[in-house]
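*Asks:* Structure provided below as structure tokens; questions to follow.
The values are calculated or read from the model by the stated rules, or taken from the named source; none is laboratory data. It should be emphasised that the depicted structure is a prediction, and the values quoted were computed from it without experimental measurement. With ideal geometry, Cβ positions are generated from the backbone for all residues, glycine too; neighbour counts draw on all protein chains shown. The protein model used for the area step is the full one, side chains on, heavy atoms only, and it has no ligands, DNA or RNA in it. Shrake-Rupley method; radii C 1.70, N 1.55, O 1.52, S 1.80 Å.
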Amino acid sequence: YLDANKNVMDNAKELLANMRGIFLYIDGKYELQIEDTGTSTFSINDNHIISDAGISVDYGNKDKKANKVIVEFYNANKRYELDTATVLHDASPEYYSDDGDEILEIKAEFPYISDPYIAYNMGKAILTRSRNQTTMQFLGTPEMYKLNVGDIVDLTYAGLGFSGKVCRVEALELQASGLVAVSLIEYFD
């Protein structure tokens, strides 16, 4: 059920979240993009990065690296009763909260998912992203206008030893100077 008190855009965004979709506003129109597997469509190298600003890399916070993801969904196989799909991380290192006692758990609600396999895959994607959350930010040349949020790119930056590191574009922000602030997250298919 959709909440008719919400506007169309909010309801559409809520529906899209259940399929890893986003709206992109490009050339005065909204475009739908579903996060899917793919290959790099653009190669970013040292020439695209404004050296004065450099590049910043965030390898993520240990307390945000989940060991367990619980996805709540309405299971069509059980007459649309509320159900859960649980994804556990079994590799090393195992992350725990700073006190060492608590398993780091993420709960996610996807009210428009009705298939347990899709719910499990959504949980797996959340778990993988939480454990591999390397992000990169830099100020880029105007050539970065060719990119859209959600695009898959490869990054080669000698200063940090990146050679063809595959990333997804998370954000693009036009600067008053005509340059583009770019935010990337490490890509996993």
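*Asks:* Within the stretch 104-149, which residues are open to solvent by less than 20 Å² (accessible area, probe 1.4 Å), within 24 Å of Leu32 (Cα to Cα) and hydrophobic (A, V, I, L, M, F, W, C)?
*Replies:* Within the stretch 104-149, Ala108, Ile113, Ala119, Met122, Met144, Leu147 qualify.
*Asks:* I want to confirm something. Restricting to the stretch 32-68 and keeping residues that are small (Gly, Ala, Ser) and open to solvent by less than 80 Å² (accessible area, probe 1.4 Å), which single residue is farthest from Ala119 (Cα to Cα)?
*Replies:* Step by step, filter the stretch 32-68, then rank; the result is Ala53.
*Asks:* Quick one: how many residues across the stretch 12-30 are part of a strand (DSSP E or B) and either hydrophobic (A, V, I, L, M, F, W, C) or under 26 Å from Asp115 (Cβ atoms) (or both)?
*Replies:* 5
*Asks:* Look through the stretch 128-145, keep the residues that are at pLDDT below 90 and not hydroxyl-bearing (Ser, Thr, Tyr), and return whichever of them is nearest to the chain's Cα centre (by Cα).
*Replies:* That would be Arg129.
*Asks:* Quick check: is even one residue across the stretch 112-123 at pLDDT below 90 and either closer than 15 Å to Arg168 by Cα or among the β-branched types (Val, Ile, Thr) (or both)?
*Replies:* no
*Asks:* For the stretch 106-137, what are the residues that are closer than 29 Å to Leu160 by Cα, assigned to a helix (DSSP H, G or I), touching a strand residue (DSSP E or B) at 6+ places or on another chain (Cβ under 8 Å) and not basic (Lys, Arg)?
*Replies:* Selection gives Ile126, Leu127, Ser130.
*Asks:* Just to check your reading of the model, which residue among Gly38, Gly60 is outside any helix (DSSP H, G or I), within 24 Å of Thr141 (Cβ to Cβ) and in contact (Cβ under 8 Å) with a residue 60 or more places away in the chain?
*Replies:* Gly38
*Asks:* Identify, please: which residue in the stretch 166-180 is more than 11 Å from Leu147 (Cα to Cα) and surrounded by 16 or more Cβ atoms within 10 Å (Cβ to Cβ) and is, among those, farthest from the chain's Cα centre (by Cα)?
*Replies:* Leu179
*Asks:* In addition: Please determine whether any residue of the stretch 68-80 is assigned to a helix (DSSP H, G or I) and among the hydrophobic types (A, V, I, L, M, F, W, C).
*Replies:* Yes: the stretch 68-80 contains one or more residues that are assigned to a helix (DSSP H, G or I) and among the hydrophobic types (A, V, I, L, M, F, W, C).
*Asks:* Here's something else I'd like to know. For the stretch 150-165, give me each residue that is in a loop (DSSP other than H, G, I, E, B), at pLDDT below 90 and open to solvent by 30 Å² or more (accessible area, probe 1.4 Å).
*Replies:* Hit for the stretch 150-165 is Gly161, nothing else.
*Asks:* Also, I was wondering about something else. Please go through (1) basic (Lys, Arg); (2) open to solvent by 40 Å² or more (accessible area, probe 1.4 Å); (3) in contact (Cβ under 8 Å) with a residue 24 or more places away in the chain for Lys29 and return the number of the only condition it doesn't satisfy.
*Replies:* Unmet for Lys29, out of (1) basic (Lys, Arg); (2) open to solvent by 40 Å² or more (accessible area, probe 1.4 Å); (3) in contact (Cβ under 8 Å) with a residue 24 or more places away in the chain: (3).
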